[in-house]
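What follows is one structure encoded as structure tokens, with my remarks underneath.
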Amino acid sequence: LGLALYAGSLCTASSAASLYHDYCIIGAGPSGLQAAYFLQQAGRDYVVFERSHAPGSFFALYPRHRKLISINKRYTGKSNGEFNLRHDWNSLLSHDRRLLFQRYSLDFFPHADAMVRYLEDFASLLKLRVRYNTAIVHVTLERDGQAWNGHYFFLTDQDRQNYKCSSLLVATGTWVPNVVNFPGSEYVEGYETVSINPEDFAGQTVLILGRGNSAFETAENILGVTNFIHMVSRSRVRLSWATHYVGDLRAINNGLLDTYQLKSLDGLLEGDLEDLAIVKDKKGKLHITLRFYLENRNTSAGIDSVTLPQDELDNFATRAPYDRVIRCLGWKFDFSIYNRSLRMMPGKGNKKKYPQIKPSYESRGTRGLFVLGTASHSVDFRKSAGGFIHGFRYTTRAVHRLLENRHHGVPWPSTVYPITQLTNSIIKRVNEASGLYQMFSVLADIILLRENATAFEYLEEYPVGVLAELEMQTGRKAPNGLFVVIMEYGRNFSGADKDVFYYNRAVGEAQHAWQSNFLHPVIYYYKHLPTEREMRLQPPDWPLPRPDAVHHIVEDFLTDWTAPNAHILPLRRFLENCLSTDLRNFFAESCFLFAFTRQKLPPFCQQGYVRMQGLVGSEGLQRHAVEAGLLEDYALTDFPGDRPPDSRKGSQDQLLRDHVIPVRPLQHLVNAKDE
Amino acid sequence: MSAQKDRWVFSFSFLLFCASSIPTRGSARLLQELSPQEYFSSLQAGRASLAYFSHNVSPGAQPFLEQIENSAEALQDYGISVVKVNCPKEDVSRYCGKENALRKAYLFRGNMLIREFPTDALFDVNSIVANVLFALLFNEVKYVETLADLQNIENALKGRSNVVFAYVPATGTAEHRAVMEAAFVYGTVHQFVLTTEATLLKDAGNDKSDVSSARLFFCHCQRATDLGQPCRRTAMGQTLTMLNIHRHLKLMGAPLVTEVAEDPEKVSTVHLQLGLPLVFILSQKETYEADRRTAEFVAWQLLGKAGVALLSRDLVDLNVLLRSNVALKTPEEGVPIKYLVLEDTDEVITLVEDKNKVEQIQEDKAEDEEDEDEKENNNQDIQDDQVVEAVSRDKKRELPLEEILVLTEETFHSALLETARTVVLFYASWEAVSLAVLRSYTEVAGHLKGTQGVLLSRVNCWDWPGLCTKENVTQFPTIKIYEKGERSVMYNGMWGTEELTSFIMLSRVSCPLKLATIDEAEGYLRGEFPSELSSYHHTSLLGVFSTATSEAREAFEEAGNILSGHVTMGMYFEDDDLALSRKYAVSPPALLLARSRGRSVEGIALSKQSTQDMVRMIRYELLDIFPEITVQNLPCYLQLRKPFLILFSDGDVGQMESKEMLKLAKGRPQPAFVACWLNLKKTPVGRGILKAYFATMPSLPVLIWVNLHAGGQVFKFPSEQSITEMNILSWLEKLKAGLEIPSSTLSDEDWKPPLPAYDFLQMMETAVPELPLHTSHRRGDTPQRHLPESPGGDTAVPEEPSQGTKAEKVGSPGRDLRGTAPRLAAREKQGKRHSEL
């Protein structure tokens, strides 16, 4: 008993000694700083732990060849700041216009040092609370009924200082190099330390393990001075322009593909690295063989006794010996600091480098633990941009909004509009919103309809994976149906082995919009919020369950979806049919006529004209409307006294229907063949 | 056999004997009554007669006799006489002798017995005529039992003559008679074939037809020169009557396509004469061959329903649109020819068939067109928003924007500091309503050109979303007036040039305006002070306060803030002598309302009112008693939520009417309706209202009662009564009592979507049935790529978009007019793609 008491008192003692914050963020990289910014703006109690002396320590070292492959597009021809963020992949979100990346670099593919400077400025200009030189070495849980999530997080740093937090935001990225162990792997140099001076490779023959951007970046750097470079990896090369996935091989790094395909001695090979073995000969040359041969050989014999593949197969591809073997296999999340009680589990399959999280970015194992930034990429791995700055700056904001609602009773920000603004608000967002665009199929705008569809509430950039929990997660109610505005690529268009340049790859007709291949807006309509079960049963490759109706806005070459007939009109018809109402605009004169001839008015007249905000319209415009047959000019036409009345429908409406004579190009009746 | 013949001869002579012994009666009757002798002697070679032998009248044969008698007239038309032969009692000859023979009727041609009919085969006129003609036309009408028989006949006649093939469920029916009658007339022209075999009808490819009803087909064998080809058959759609068959054969005999080279208004064909429409295919030299094929194709489809003519545009000077390709002429007199632009032959056929249907149910023409429009649903992609369409039509005109300063995120704040008042239009350059307002705004800029202290500017929120958000602009358009370094006012009035100009002008003066001296106050009431507003005719409001009444004053000042720009409000603090109060017989706090430049000043006491109440009261007081209703001011009066009593007048309202209406409106207690008038010259859309209310334009002026907010009933003041207060009041009493019948009732229909949307969900399901919603098809997932639902693996991808179109074509071979050149219209149904830029 005494021992137990002692242990208990020790425990409380250590608790008392720890520093408390509502929010603890591990890592002052881009996502850690981004989260800190939002918490600071909201006036929350938070701290960021950074093991280095400055933010963004990863970028201080990587990429080794110092060229970022995220674009820094300074000119778009537009001044719309939100739109321009679609083509700025480096800036973090803030209110400070000085913190746009184009002020830090003029290069389209900037130098990594610029990112380091940028992150330093971001932290200092915004006065973010970062504890540098603090490496969190252990994280554990302590149950407490009073805590937000039923437990507190206890963090210990390298100096055994303890920190106690209610909510833990893990923004550590993936920084542990992936290594493979095979016989002879001791001869392999790592990407982290390999020389970046091309002179060191002059006249050498190099084997690179890996097929990602770091591997190609390394190859690119030494391509001109080596004898030849071979690259070996399990998977085929995936070109990001073919997959729409920015994590795949970018064109800027793919010089080796050129020399391989033009038979200039360099080459690509596929094979499982686990089966590989390397043996060093007396001259220091490295020979490739298979683990299989090594296992069977006599251990006491020297190098000469090792069977090489070319002994049996004399045209074996990698029979030439190499001077160097370089490993460029990417990184994984550091799972080592978490106590087992946190149940931080690696993902499955190709996501094993990331911790398991829910689509709300909360850990599957521990409530109140959120994973941000690159480490949160399991949500949209190989799909969207959640593993990259231009994507996770938005998902981090989404997490912050979830937390505001959960812990501080601040519902998800929203704006209420009259229903007449429905088409406009969608058009505005799909044309400028960057979050929707970068985090396609992951973040979506949600439109919650108010009763009788006279008004709606607009929520921006909600993670669609947790659509079923919307009411709980946002504090907003959705009893009258909702629209989900999202952006998508064509479902079968992209892929590693597809020809993305085939003829007729782009759709131009609004009525074929659902076949659009390039990124385009899609609007889902649900009469009721989908349930968890429906979310689970969603068709594969669909970001959402089957809706009650769906609309695709046809892809656009300029990504400008403001064309009145091709983009806005079909959208309006879709919205009208979902809501069963008429969303057309009317001049005041039409509303005046309706007011006297119909008991009900269309929403535009009801919410505008009747409230003394009618659209009078200039004479010129009214004349155009008359010419179009959409407005009758009663001043000109003599009233034909003998015409039968049309009391069943308002005459104006009749007029609107009658006018629609399709204008079609000249066409002769030509018949192909008889029956 | 010979024995029987002997017996016939025997009874024959007996018959002759008998016939002579019975007196003839009723010579006018078509049924001859002859003795056997008379009868047989009267028989002429080649003439047919139907005879019935009888010993007086046996009771059982009575009804049969009646039928025979009745059919006499019908048979006479075919040169067949009907005779009742009276057998003498003792006659035991061939026809009279046997009891058995007396139950039969005999058909003779000349003195040849053609056929004997048991009386039960001759149950009525139809059966008598049918059977008699059937017997007589034994060679002309072939009876067949199998399809092979029919085909043999057809084959034998190919290239020579046509076949009329009829199916009747039984002989002796009305249909059978009609067929026989037709055969009698047309038997020499066409080969008639008859069957009662239901299986034959089915074998002939009419599986679905109801075998209980008769059918008639015209087999075009004359046209079929190729022996291998079957004869085309055209079924007759109508019931089998003599008239219909006649009509059908007439139509089948008409040329398939008539070539026309004259004004279509003058053209008449057998179709039009028979009450069928005539379709013109408009052709030109370049496409003549193709058009002729089209015409023939259409003609086959429409055979029996409409005629088809090929009209050569090169030969006739047509005053119609060049793109018209089809014209429709209906048989009704005086209906003009309709010229249409149709896309495929199906549409031509639908045009005709629908027309017939509509005629049958006798719906009016307007509705018919509407139905067609709705059926097509092709109009989804046509703009039906008047504002959007008007703005896009005006797109190319350059707007005179030089008077309006463009503001950006950078220049916005500095610009606001430069002028006393900056008007800012926040808009989106892609949004139609804000572009419409921008056009009015340029007109405002024109009006206000040179006005001191007002700067007109605009911010495009599509360029500067951050600025718009910061300025709390959530919807487009928004107009705000910024006072230098101070507050801003959001414009909440009509988006019209006049209203906006007036708002900007009124906003220049503070609201309420503090008046320092009694002279200023008097000048203010006369509309002379302040001078900036002297050109604006407004009702002026003056709050009169003694210094003590601070509560009402604060509310008044608040109300001024809210109403700023819409009203001119002044306030005056009186000293002890209360000069103004005494002049207008009020005690402060009070409100003075000066209408029409101070000619009438009204005083209202101000009690302890909240700001909201004060705003409401001021708004209400500013309403006219007998206003002229305009597009702009209607909303103010709608808010009263009262019924409207409107005098529609062509021009100014007459003095007499005006006086009476004013009396009515001023009546106490305050009337529970809005008495107003509408000037059709100034508000021409008023004609649209009258058009909706009445079948014919009523004579003006017309007084209308309409309850817009409850029931929507419209009543018209009797035109024979003069518009006086008394007459109106008693009329209104009657209305209230429900003694008047409304002229019309306003529709309470909801505003539904004008047209359907593209149903992409359904398109996805039809084009790729299992793919998107039920089976997995992950990208880069090689083992799945060869699953049947993605035909052809990778190569399927480029083809997928056209699957829908392909399916359409398979469904209707030869009907797609877009199959061949020349066409520009291909973009309409096939996806247009920009891969080639």
For this session: Filter the stretch A:320-344 for residues that are loosely packed, with under 15 Cβ neighbours inside 10 Å and closer than 27 Å to A:Tyr191 by Cα and give the result.
Result: A:Phe335, A:Ser336
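Have a look at B:Leu563, B:Leu541, B:Leu580 and point out the one that is under 52 Å from the mean Cα position of the chain (by Cα) and crowded, with 17+ Cβ neighbours inside 10 Å.
Working: B:Leu541 fails: under 52 Å from the mean Cα position of the chain (by Cα); B:Leu580 fails: under 52 Å from the mean Cα position of the chain (by Cα).
Result of the check over B:Leu563, B:Leu541, B:Leu580: B:Leu563.
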Exercise. Residues in the stretch A:139-179 that are within 20 Å of A:Gly365 (Cβ to Cβ), surrounded by fewer than 16 Cβ atoms within 10 Å (Cβ to Cβ) and within 32 Å of the chain's Cα centre (by Cα): how many?
Worked result: 2
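Sort out for me the strands (runs of 3 or more DSSP E) sitting completely within the stretch A:187-297 that have 1 or more residues that are of a type in the set (Ser, Thr, Tyr).
Working: elements: A:188-190, A:205-209, A:228-233, A:267-270, A:276-280, A:286-290.
Here the list reads A:205-209, A:228-233, A:286-290.
Among residues belonging to the stretch A:563-607 that are acidic (Asp, Glu) and assigned to a helix (DSSP H, G or I), point out the one that is farthest from the chain's Cα centre (by Cα). Step through it out loud before you land on a result.
Here is the first cut: in the stretch A:563-607, the residues acidic (Asp, Glu) are A:576, A:582, A:589.
Subset that is assigned to a helix (DSSP H, G or I): A:576, A:589.
Values: A:Glu576: 31, A:Glu589: 47 Å.
That would be A:Glu589.
Sort out for me the helices (runs of 4 or more DSSP H) sitting completely within the stretch B:622-720 that have 2 or more residues that are within 13 Å of another protein chain (Cβ to nearest Cβ) and among the hydrophobic types (A, V, I, L, M, F, W, C).
On the way: elements: B:634-638, B:655-666, B:685-693.
Hits in the stretch B:622-720: B:634-638, B:685-693.
Please determine, by comparing only the residues of the stretch A:20-69 that are part of a loop (DSSP other than H, G, I, E, B) and either among the charged types (D, E, K, R) or touching a Ser or Thr at 6+ places or on another chain (Cβ under 6 Å) (or both), which one is surrounded by the fewest Cβ atoms within 10 Å (Cβ to Cβ). Break it down into steps so the answer makes sense when it comes.
Pass one, the stretch A:20-69, residues part of a loop (DSSP other than H, G, I, E, B): A:27-29, A:42-45, A:50-56, A:62-66, A:68-69.
Next cut, either among the charged types (D, E, K, R) or touching a Ser or Thr at 6+ places or on another chain (Cβ under 6 Å) (or both) only: A:27, A:44-45, A:50-51, A:64, A:66.
Numbers: A:Gly27: 30, A:Arg44: 18, A:Asp45: 12, A:Glu50: 25, A:Arg51: 18, A:Arg64: 18, A:Arg66: 16.
Ranking the candidates gives A:Asp45 first.
Residue by residue through the stretch B:228-276, note down the ones that are charged (D, E, K, R) and loosely packed, with under 14 Cβ neighbours inside 10 Å. Walk me through how you get there before you give the answer.
At the first step, the residues of the stretch B:228-276 found to be charged (D, E, K, R) are B:232-233, B:247, B:250, B:259, B:262-263, B:265-266.
Once the filter is applied, which keeps residues that are charged (D, E, K, R) and loosely packed, with under 14 Cβ neighbours inside 10 Å, the stretch B:228-276 yields B:Glu259, B:Glu262, B:Asp263, B:Glu265, B:Lys266.
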For this session: Read through the list (1) touching a strand residue (DSSP E or B) at 6+ places or on another chain (Cβ under 6 Å); (2) farther than 17 Å from B:Phe503 by Cβ; (3) more than 11 Å from chain A (Cβ to nearest Cβ), then give the number of the only condition that B:Cys461 fails.
Result: (3)
For this session: For the stretch A:473-484, indicate whether the set of residues that are of a type in the set (A, V, I, L, M) and without any contact (Cβ under 8 Å) to a residue 24 or more places away in the chain is non-empty.
Result: no
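Taking the stretch B:316-335, which residues are of a type in the set (Val, Ile, Thr) and either buried (at least 16 other Cβ atoms within 10 Å of the Cβ) or more than 14 Å from chain A (Cβ to nearest Cβ) (or both)? So that I can check it myself, show each step before the final result.
As a first pass, look at the stretch B:316-335 and keep what is of a type in the set (Val, Ile, Thr): B:316, B:320, B:326, B:330, B:335.
Result: B:Val316, B:Val326, B:Thr330, B:Val335.
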Problem set entry | Extreme residue, nearest to A:Tyr361 (Cα to Cα), among residues of the stretch A:329-345 that are in a loop (DSSP other than H, G, I, E, B) and of a type in the set (Gly, Ala, Ser) | A:Ser336
Problem set entry | Condition broken by B:Ala183, with the remaining ones in (1) surrounded by fewer than 22 Cβ atoms within 10 Å (Cβ to Cβ); (2) out of contact with any helix residue (DSSP H, G or I) (no Cβ under 6 Å at 6 or more places or on another chain); (3) in a helix (DSSP H, G or I) satisfied | (1)
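Looking for whichever is outside the structural domain of B:Ala309 (by the TED database) and modelled with pLDDT of 80 or more here; the options are B:Ala290, B:Ala295, B:Ala235, B:Ala224. Which one fits? Break it down stepwise before answering.
Working: B:Ala290 fails: outside the structural domain of B:Ala309 (by the TED database); B:Ala295 fails: outside the structural domain of B:Ala309 (by the TED database); B:Ala224 fails: modelled with pLDDT of 80 or more.
Only one candidate passes the filter, namely B:Ala235.
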For this session: Considering only the stretch A:505-535, state which residues are of a type outside the set (Gly, Ala, Ser), over 30 Å from A:Ser235 (Cβ atoms) and at the interface with chain B (Cβ under 7 Å from one of its Cβ atoms).
Result: A:Val507, A:Glu509, A:Gln511, A:His512, A:Trp514
Exercise. Out of the residues in the stretch A:603-622 that are out of contact with any Lys or Arg (no Cβ under 9 Å at 6 or more places or on another chain) and more than 30 Å from A:Glu451 (Cβ to Cβ), which is nearest to the other protein chains (Cβ to nearest Cβ)?
Worked result: A:Val616
For this session: Spot the failing condition for A:Asn133; the list is (1) over 20 Å from A:Gly173 (Cβ atoms); (2) assigned to a loop (DSSP other than H, G, I, E, B), and only one is missed.
Result: (1)
Problem set entry | Segments classed as helices (runs of 4 or more DSSP H), wholly inside the stretch A:349-454, with at least 2 members that are surrounded by fewer than 24 Cβ atoms within 10 Å (Cβ to Cβ) and touching a residue at least 40 places away in the same chain (Cβ under 8 Å) | A:389-408, A:422-432
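Say whether the condition of being of a type in the set (D, E, K, R), under 51 Å from the mean Cα position of the chain (by Cα) and either surrounded by 19 or more Cβ atoms within 10 Å (Cβ to Cβ) or at pLDDT 50 or above (or both) is met by at least one residue in the stretch A:642-662.
Step one: filter the stretch A:642-662 for residues of a type in the set (D, E, K, R), giving A:642-643, A:646, A:648-649, A:653, A:657-658.
Add one more test, that the residue is under 51 Å from the mean Cα position of the chain (by Cα), and what stays is A:649, A:653, A:657-658.
Remaining after also requiring either surrounded by 19 or more Cβ atoms within 10 Å (Cβ to Cβ) or at pLDDT 50 or above (or both): A:653.
The answer is yes, given that some residue of the stretch A:642-662 is of a type in the set (D, E, K, R), under 51 Å from the mean Cα position of the chain (by Cα) and either surrounded by 19 or more Cβ atoms within 10 Å (Cβ to Cβ) or at pLDDT 50 or above (or both).
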Exercise. Which condition number does B:Arg232 fail, the rest of (1) more than 26 Å from B:Glu181 (Cβ to Cβ); (2) touching a helix residue (DSSP H, G or I) at 6+ places or on another chain (Cβ under 8 Å) being met?
Worked result: (1)
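Over 49 Å from the mean Cα position of the chain (by Cα), over 23 Å from B:Met617 (Cα atoms) and outside any helix (DSSP H, G or I) - does that describe any residue in the stretch B:460-478?
Keep residues of the stretch B:460-478 that are over 49 Å from the mean Cα position of the chain (by Cα), which gives B:470.
Narrowing further to those that are over 23 Å from B:Met617 (Cα atoms): B:470.
Within this subset, residues satisfying the condition of being outside any helix (DSSP H, G or I) are none.
No, the stretch B:460-478 contains no residue that is over 49 Å from the mean Cα position of the chain (by Cα), over 23 Å from B:Met617 (Cα atoms) and outside any helix (DSSP H, G or I).
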Seminar exercise, completed: Considering residues that are in contact (Cβ under 8 Å) with a residue 24 or more places away in the chain, assigned to a loop (DSSP other than H, G, I, E, B) and crowded, with 19+ Cβ neighbours inside 10 Å, the number found within the stretch B:510-531 is 3
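The values are calculated or read from the model by the stated rules, or taken from the named source; none is laboratory data. Note that the structure is a prediction, hence the values are computed from the model and not measured. Glycine gets a Cβ as well: all are built from the backbone with ideal geometry, and neighbour counts include every protein chain shown.
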